1. Does residue 119 satisfy the criteria of being in a helix (DSSP H, G or I), exposed (fewer than 11 other Cβ atoms within 10 Å of the Cβ) and either modelled with pLDDT of 95 or more or among the small types (Gly, Ala, Ser) (or both)?
2. Filter the range 65-77 for residues that are under 22 Å from residue 106 (Cβ atoms) and either part of a helix (DSSP H, G or I) or in contact with a Phe, Trp or Tyr (Cβ under 9 Å, 6 or more places away or on another chain) (or both) and give the result.
3. Kindly provide the set of residues from the range 151-188 that are over 14 Å from residue 83 (Cα atoms), out of contact with any helix residue (DSSP H, G or I) (no Cβ under 8 Å at 6 or more places or on another chain) and open to solvent by 30 Å² or more (accessible area, probe 1.4 Å), ordered by number.
4. Keeping to the range 88-104, report how many residues are assigned to a strand (DSSP E or B) and free of Cβ contacts under 8 Å to residues at least 12 places away in the same chain.
5. Out of the residues in the range 127-147 that are touching a helix residue (DSSP H, G or I) at 6+ places or on another chain (Cβ under 8 Å) and among the acidic types (Asp, Glu), which is nearest to residue 181 (Cα to Cα)?
6. Considering only residues that are farther than 22 Å from residue 158 by Cβ and either hydrophobic (A, V, I, L, M, F, W, C) or within 11 Å of the ligand (Cβ to nearest atom) (or both), which ones fall in the range 91-121?
7. Restricting the search to the range 11-28, which residues are open to solvent by 70 Å² or more (accessible area, probe 1.4 Å) and of a type outside the set (A, V, I, L, M, F, W, C)?
8. Output the residues belonging to the range 32-78 that are within 14 Å of the ligand (Cβ to nearest atom) and surrounded by fewer than 16 Cβ atoms within 10 Å (Cβ to Cβ).
Amino acid sequence: MKSSIKILFDNNRKWAEGVTSENPDFFSSLSHQQNPKYLWIGCSDSRVPANQIVGLLPGEIFVHRNIANVVVHTDLNCLSVLQFAVDILKVEHVIVCGHYDCGGIKAAMDKKEHGLIDNWLRHIKDVYRIYKKEIDACPNERARLDLLCEYNIIEQVNNIRHTTILQNAWKSGQNIAVHGWVYRLSDGIIKDLKVTVEGC
Ligand code: CO
């Protein structure tokens with residue numbers, strides 16, 4: 001147990017030294033301000049680390065993650081991140097990036113009990129209810145789950161675009177786009193679902 005924590009401090013030291021040797025001013029310049037162009041809203045899944053899969057350094061992407069990348073109109077946590085990113089940081093892109101084989105999506109559909117999290121997963125069941133016809137028409141379970149993953153991302157893009165935050169940003173002429181992407185765990189590739197919105 002102890003060594004599994006110690007390794008993190010060892011890794012951190014090596015990482016900081018490596019970054020500094022490449023760019024001696026990296027941390028001192030970042031410590032003054034951040035200026036990310038992107039807000040990433042993704043799943044908490046440990047296999048989908050935002051910075052790494054799009055090759056960005058600290059300071060380049062603002063991140064919010066939760067189980068199954070859900071944007072709920074009453075979730076103050078997510079909305080606060082969104083507002084800060086849009087109003088203060090003036091990001092140019094909001095990216096909802098879900099992923100296939102999402103445990104949250106599977107759990108929402110497996111008809112078992114999982115405790116408290118079932119209340120969060122209700123939001124995924126709501127997405128299923130909207131697209132039930134399309135999802136039920138899939139030939140097998142895998143295809144059904146993949147399609148639900150995609151529809152969930154599309155619904156979260158819709159939830160974001162309808163927030164007062166985005167509506168007001170667009171009304172005031174702010175240049176900001178909302179994108180829906182899906183990441184495949186098995187090959188590390190992101191697919192654009194082509195549902196980008198750039199205005200009211
Ligand atoms: Co997931």
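1. Working: in a helix (DSSP H, G or I): yes; exposed (fewer than 11 other Cβ atoms within 10 Å of the Cβ): yes; either modelled with pLDDT of 95 or more or among the small types (Gly, Ala, Ser) (or both): yes.
Yes; evaluated as a whole, the condition is true for this residue.
2. Let us first name the residues in the range 65-77 that are under 22 Å from residue 106 (Cβ atoms), namely 65-72, 75.
Hits for the range 65-77 are 65, 66, 67, 68, 70, 72.
3. Result: 154, 158, 171, 172, 173, 175, 184, 185, 186, 187.
4. Restricting attention to the range 88-104, the residues satisfying the condition of being assigned to a strand (DSSP E or B) are 93-99.
Checking which are free of Cβ contacts under 8 Å to residues at least 12 places away in the same chain leaves us with none.
Of the residues in the range 88-104, 0 are assigned to a strand (DSSP E or B) and free of Cβ contacts under 8 Å to residues at least 12 places away in the same chain.
5. Filtering the range 127-147 down to residues touching a helix residue (DSSP H, G or I) at 6+ places or on another chain (Cβ under 8 Å) leaves 127-128, 130-131, 134-136, 138, 144-145, 147.
So of that shortlist, the ones also among the acidic types (Asp, Glu) come out as 134, 136.
Numbers: 134: 19, 136: 22 Å.
The extreme case among them is 134.
6. Residues of the range 91-121 that are farther than 22 Å from residue 158 by Cβ, as a first pass: 101, 103, 106-107, 110-118.
Across the range 91-121, the qualifying residues are 101, 103, 106, 107, 116, 117.
7. Here is the first cut: in the range 11-28, the ones open to solvent by 70 Å² or more (accessible area, probe 1.4 Å) are 11-15, 17, 21-22, 24-25, 27.
Within the range 11-28, 11, 12, 13, 14, 17, 21, 22, 24, 25 qualify.
8. If the condition is that a residue be within 14 Å of the ligand (Cβ to nearest atom) and surrounded by fewer than 16 Cβ atoms within 10 Å (Cβ to Cβ), then 44, 46, 47, 49 are the ones that fit.
The values are calculated or read from the model by the stated rules, or taken from the named source; none is laboratory data. Computed from a predicted structure; not experimentally measured. Please note: Cβ atoms are built from the backbone with ideal geometry, for glycine as well, and neighbour counts cover all protein chains shown. SASA here: full protein model, heavy atoms, side chains in, ligands and nucleic acids out. Shrake-Rupley method; radii C 1.70, N 1.55, O 1.52, S 1.80 Å.
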